[in-house]
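Bear in mind that the values in this text are calculations on the coordinates, not laboratory data. No experiment lies behind these values; they were computed from the predicted model shown. For neighbour counting, all protein chains shown are included, and Cβ atoms are generated from backbone atoms with ideal geometry for every residue, glycine included.
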Amino acid sequence: MDVLPNQEALNKALNIYRASMRSFIIFHLKQIPGMNVEDVIIDSVGDWRADEIYQSLIESGRDIESMIDINDFPHLVNRNWEEVFERTLNDDKTFRNQLWLIVECRNATWAHPPKGDAESESTRVHLFLIADLLGKIKRPDKKREVEIIRDNLFADDTAERLAATEERLKEVEAENAEYKRLLSATLEKKGDPAKRPTQDSDRGPERKPPQKPSKTGKIEELLTSLTASVEQKTQAKPLKTEKSESANTLKDRVEVGRKVVTEADIDPIATEIKKFASNLPSPESLVNSNPPAVRVIDCVLSLNKPYKTFVVPRLKAFMSNRPEIQQVSELANLMDNYPTPHAFVQQELNYNHENRARVLHEVVTFLVPIVQQTPTIPEEEALKKWVAQAQSQIDRLDINGFGPAGFQYLCMLFGVDTTKPDIHIIRFVSGLLNRNVSDLEAHVLLEAACERIGVSVRAVDNLIWKRGEQGSKSR
């Protein structure tokens, strides 16, 4: 087996880093008042990752600390920066960028390892970064472990590099002296004293000898370059997802962000759906008859929570305790009677989750003006009309914590024949394509496949969910 010293060093350092950073992050997330650490983590990562973590908590019984990985660290720190991490890290502006750099190292080392050994200069930079981060989270013992790994790997190399630089410096100085001698000799042969070089000009074109590099000079140069790259990525505007004109008939292609979904992607999904099409429930049986206010609570409360054991009991209790709250506008008024949305959720829904309360309040606040624009139309009809128009453009509320899955479920609750791209749908589509797909890709592909064979998207969604529910309890 080939010896890969750089790859081995990075493996060891990344494992040290992951274990140390997990403990650091979990300790600080537990300091957030009014929320348990599991909910904080699920709310801080993307919908797909949140579903994945939640499912694993149920299915594997592992503790939450062992489930967060290097790719999650930047999201967890960024989302909760002002709440807990900013004070601890003394508002260190470089800390969050460095987390992303280690994600790149993790992906290059573990997810997509090179065919041979890792490049030496990149390895040196990443070991430097990992050690630096461990120092910032007050783990000097672990920082020293990584420094030893780095120094053992590059101890001889540093001496060789310095010796080579010094030798090259001597060569450049010798070349410069020879150049001056030849220039002086040439001018003397021409017999033109005016053109002889003076003391200041006899050097010819200025050729500055290279500076001796410090041990960390190259590292700092590469770090600056990498940080700039990460800042550019993290500051990029989020992509808008649109259906192309031809995608309205789903005969050509659908553009999802920068990816193009083709008919070839739809084929295996349509083929699989045909196999169980005869077992699909009727669309009429899936109509939700709850009041509009309760449906809005449903779509927020069910995010990454077990539906039958967590959501349904709370919806029933709310309808029993508050039968007068039917419309979204009435729900908004009730929430306004409480000092905070968190207080409302605690009292009325028996749920101690400040961030989920914020999401519910923002969704309600967003929907109220929509129904107020058409006072002569029943609120339910106004919302049905709005979600149908918004969903056809793959539009959604710009609310942190209420992603495509939440928006699509809201559309379903108000009658749109669509899918909620949660973990069950994403797994279904990913498995058929033998690649990972995003929530938006899963949504577009499932709709396209259902349209091709003429079946209800929501009915297919419901059957896939029930199959997935056999191994878990979430919606």
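Summary of computed values
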{"item": "Mean-position separation - Cα centroids, the stretch 67-88 and the stretch 309-343, in angstrom", "result": "32"}
{"item": "Net charge over other residues, Cβ less than 11 angstrom from the Cβ of His112 (K, R count +1; D, E count -1)", "result": "+1"}
{"item": "Approximate spin-label separation Ile32-Asn11, in nm, with each point projected 7 Å along Cα-to-Cβ", "result": "3.5"}
{"item": "Label point 7 Å beyond Cα of Ser66 along Cβ direction - residues of the stretch 22-59 with amide nitrogen under 16 Å", "result": "22-23, 53-59"}
{"item": "Pairs from Lys12/Lys143; Lys275/Lys384; Lys30/Lys420 whose Cα-Cα separation, in the structure shown, is over 21 Å", "result": "Lys275/Lys384; Lys30/Lys420"}
{"item": "Whole-Hz couplings from phi, Karplus 6.51/-1.76/1.60, listed for the stretch 144-151; x for Gly and Pro", "result": "5, 4, 5, 4, 5, 4, 5, 5"}
{"item": "Amide hydrogen neighbours beyond the local backbone of Val455, cut-off 5 Å, H modeled", "result": "none"}
{"item": "Projected label distance in nm at Asn436 and Glu451, using a 7 Å step from Cα toward the beta-carbon", "result": "2.8"}
{"item": "From phi via Karplus (6.51, -1.76, 1.60), per-residue ³J(HN,Hα) for the stretch 78-83 in Hz, x at Gly/Pro", "result": "4, 5, 10, 4, 5, 5"}
{"item": "Furthest towards positive pole of dipole, Ala174, Gly116, Ile102, structure part the stretch 19-176, Cβ charges", "result": "Ile102"}
{"item": "Average projection area in nm² (convex hull over Cα atoms of the stretch 253-469, one quarter of hull surface)", "result": "12.3"}
{"item": "Computed lengthening from Ile148 to Glu324, 0.36 nm per intervening residue step minus Cα-Cα distance", "result": "56.6 nm"}
{"item": "Burial ranking of peptide ranges 339-346, 113-120 (average Cβ count within 10 Å, highest at the top)", "result": "339-346, 113-120"}
{"item": "Efficiency of FRET from Cβ geometry, Arg467 and Thr271, R₀ 22 Å, rounded to 0.05", "result": "0.85"}
{"item": "Gained length - Ala177 relative to Glu52, 0.36 nm times residue gap less alpha-carbon distance", "result": "38.2 nm"}
{"item": "Residue-by-residue Karplus 3J(HN,Hα) for the stretch 21-35, coefficients 6.51, -1.76, 1.60, Hz, glycine and proline x", "result": "5, 4, 4, 4, 5, 4, 4, 6, 5, 5, 7, 6, x, x, 9"}
{"item": "Theoretical FRET efficiency, 1/(1+(r/R0)^6), r = Cβ-Cβ of Lys308 and Ala155, R0 45 Å, to 0.05", "result": "0.15"}
{"item": "Length gained when the stretch His112-Thr262 is fully extended (0.36 nm per residue, less Cα-Cα span)", "result": "51.4 nm"}
